[in-house]
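Everything below concerns the one structure shown next.
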Amino acid sequence: MTKIKFQTPSGMHDILPEEEKYYYKIEEIARKIADFYGFGKIHTPIVEQVGLFEKSVGNSTDIVQKEMYTLKTKGNDWLALRPEGTAPIARSYIENGMYNLSQPVKLWYFGPFFRYERPQAGRYRQFWQLGFEALGEKSSIVDAQIIQICYNLLKELKIKNVIVELNSIGDKECRPSYKKILASYLKKRQSSLCSDCKKRRKDNVLRVLDCKEDKCQSVKADAPQTLDYLCEECKKHFKEVLEYLDEIELPYSLNSSLVRGLDYYTKTVFEIFAKDSLEKSIALAGGGRYDDLINLLGGRNVPACGAAFGIERVIELMRKQEIIDQEPEVQIFLAQIGELAKKKSLNILEEFRKTKIKIAESFGRDSLRNQLNKANKLKAKYVLIFGQKEALDNQIVLRDMETGKQALIKLDNLIKEIKKKLKK
Ligand code: HAM
């Protein structure tokens, strides 16, 4: 009989404890930052109606065209594993009548997302995002604050060489005429475009500016730039965002070909990069303003702005920049010998847990030598040796692993004595 080998689906991976500590750390720091800036945590379902993403992210985008995991339920609902978090939050804002809350409504999220992309470095089919969204405020200060929050998060994580790239893609006033100008420019240079961009020129002309193909680079370089065609309002908004960023001395650079791969953006768009040890830029986060999204989904006119990080990429960078988290040291190890001692050991461990003192054990091993080896590996400072005699006398041996000195302690005084030792 042949054995079947099961593996994780392509582009997905197990997050083992060694890696999970990075997720934990990022979420912990994010929570503190979110609390400070007044963001409340939100969880939306992992699946949403397909139409939500078609309407918001956009029918002609790669995400909707090629990358959604969709499924039909037994009840004939047509659902998609969420490829991103902004549309679900806009949906939730409308569905839960968040208009009635004090505006802006500030929300953050941390969870898995799904895109059927070609798996490669930094691109997964299940990946985690951390996002911040502020809904219900049109002022440019919110754009700057979202960027500041993202920047601060990376700083707190000790990530170096961070740079924010910014652009404005206008709004429904000025973008249509810019798109026409760009389309007519591209029509003249059609033969120099890659096959995808020939299609994009008709379906989603802005995306040509985002093309990475060598063939399109010279066409892109000479293309009309969004910033030159902004209406007065968009121009003013963008100028203010830059002024706020200058005020807080946040490093940024303008990137006229930054348009983002999702259709709901208006005005400010940005991406945040950091360099790895080989000077390769990694896109850690993306975001921008989406003033029309809630209206587009059937809600009122609610301007909004947000951003999301790709957690695997942040972790990759933390590893490459050698930002290693030290495990809290185990200072105490409990070694038990004999049935009675083993039996009583669980309760001893509980005493330590209640007082929040970390203690390790190896209940599966019975020989003292093996247990001391493990304590040595963990670099424990003290080992508690609990044998049959000690268990009968309600006592325990405390061994200082550095000096080799041993002392007999009453079980009743154990926590008190350990606290004294750890204070020294
Ligand atoms: P996005 O640029 O599509 O924007 O994704 C944000 C970040 O998620 C990217 O910068 C990247 O780090 C990470 N990411 C995206 N796809 C993958 C993948 N396949 N594997 C690993 N990481 C990935 C959004 O999703 C918007 N919802 C962001 C936003 C929030 N805009 C406004 N508010």
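The values are calculated or read from the model by the stated rules, or taken from the named source; none is laboratory data. Keep in mind the model is a prediction, meaning the values are calculated, not measured. Quick reminder, even Gly has a Cβ in these numbers, built from the backbone with ideal geometry, and neighbours come from all protein chains shown.
Assorted remarks:
- Taking the stretch 295-319 as the range and being crowded, with 16+ Cβ neighbours inside 10 Å and assigned to a loop (DSSP other than H, G, I, E, B) as the test, the residues that pass are Leu297, Gly299, Val302, Pro303.
- Options Glu322, Glu350, Glu329: the member that is within 25 Å of Ile29 (Cβ to Cβ), without any contact (Cβ under 8 Å) to a residue 24 or more places away in the chain and either away from the ligand (no atom under 16 Å from the Cβ) or in a loop (DSSP other than H, G, I, E, B) (or both): Glu322
- Within the stretch 95-124, no residue that is outside the structural domain of Lys66 (by TED's automatic domain parsing) and of a type outside the set (Asp, Glu) sits with its Cβ atom under 7 Å from a residue that is near the ligand (Cβ under 9 Å from one of its atoms) and not in a helix (DSSP H, G or I) at 6+ positions apart or across chains.
- Within the stretch 111-137, considering residues that are of a type in the set (A, V, I, L, M, F, W, C) and farther than 17 Å from Tyr265 by Cβ, the one surrounded by the most Cβ atoms within 10 Å (Cβ to Cβ): Leu130
- Failed criterion for Lys344 (all others in (1) part of a helix (DSSP H, G or I); (2) under 17 Å from the mean Cα position of the chain (by Cα) hold): (2)
- Residue in the stretch 279-294 that is part of a helix (DSSP H, G or I) and of a type outside the set (Val, Ile, Thr) present: yes
- Complete set of residues in the stretch 341-380 that are aliphatic (A, V, I, L, M) and in contact with a strand residue (DSSP E or B) (Cβ under 9 Å, 6 or more places away or on another chain): Ala341, Ile348, Leu349, Ile357, Ile359, Ala360, Leu368, Leu372, Ala375, Leu378, Ala380
- Screening the candidates Lys239, Lys212 for the property of being free of Cβ contacts under 8 Å to residues at least 24 places away in the same chain, surrounded by fewer than 16 Cβ atoms within 10 Å (Cβ to Cβ) and within 28 Å of the chain's Cα centre (by Cα) yields one hit, Lys212.
- Exactly one residue out of Lys3, Lys21, Lys72 is of a type outside the set (S, T, N, Q), more than 13 Å from the ligand (Cβ to nearest atom) and outside the structural domain of Tyr109 (by TED's automatic domain parsing): that is Lys3.
- For the stretch 346-365, a tally of residues being surrounded by 14 or more Cβ atoms within 10 Å (Cβ to Cβ) and farther than 15 Å from Ile332 by Cβ returns 1.
- In the stretch 33-63, the qualifying residues are those that are surrounded by 12 or more Cβ atoms within 10 Å (Cβ to Cβ) and under 17 Å from the mean Cα position of the chain (by Cα), and the one that is farthest from the ligand (Cβ to nearest atom) is Asp35.
- 1 or more residues under 30 Å from Val142 (Cα atoms) and either at pLDDT 95 or above or not assigned by TED's automatic domain parsing to the domain that holds Ala285 (or both): qualifying helices (runs of 4 or more DSSP H) within the stretch 152-245: 175-188
- Residues in the stretch 1-32 that are of a type in the set (Gly, Ala, Ser) and loosely packed, with under 14 Cβ neighbours inside 10 Å: Ser10 only.
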